[in-house]
Amino acid sequence: MAAPYELVRLALPRRTYGLSHLNRVGEVLAATVKDKERIPGYRLVEQPPLLRHFRSKREPVLG
């Protein structure tokens, strides 16, 4: 049985991003969760075997 949700992994190189960057990411994630009813979900329509998250085709889940 497939999982109902796909988890998102946040990989941030420590030498590139500082604390202010991470704080901003946290603020955006908190705002996203707070306003989740307004943000549509997406269904994968087509996905290549490699780099699925970059090259897949998606359509919004309605209703």
In the Gaussian network model of the chain, springs joining C-alpha atoms below 10 Å, which of L51, L22, L12 carries the largest mean-square fluctuation? L51
Take the chain, compute every pairwise Cα distance, and split them into 10 Å bins from 0; I just need the percent in each bin. 16, 36, 35, 12, 0
Among A31, P48, G18, pick out the residue whose Cα is farthest towards the positive end of the charge dipole of the chain, where Lys and Arg carry +1 and Asp and Glu carry -1 on C-beta, about the Cα centre. G18
Quick one: angle between helix 19-34 and the longest Cα principal axis of the chain, in degrees between 0 and 90, rounded to 10, please. 40
Counting pairs of alpha carbon atoms under 8 Å apart in space and at least six apart in sequence, what relative contact order in percent does the chain give? 23
Which of P40, P49, P13 moves most in a GNM of the chain, Cα contacts under 10 Å? P49
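Rule-based calculations on the coordinates, nothing more; no lab input. In this text the structure is predicted, and so the values were computed from the model without any measurement. All Cβ positions, even for glycine, are placed from backbone atoms using ideal geometry, and neighbour counts span all protein chains on display.
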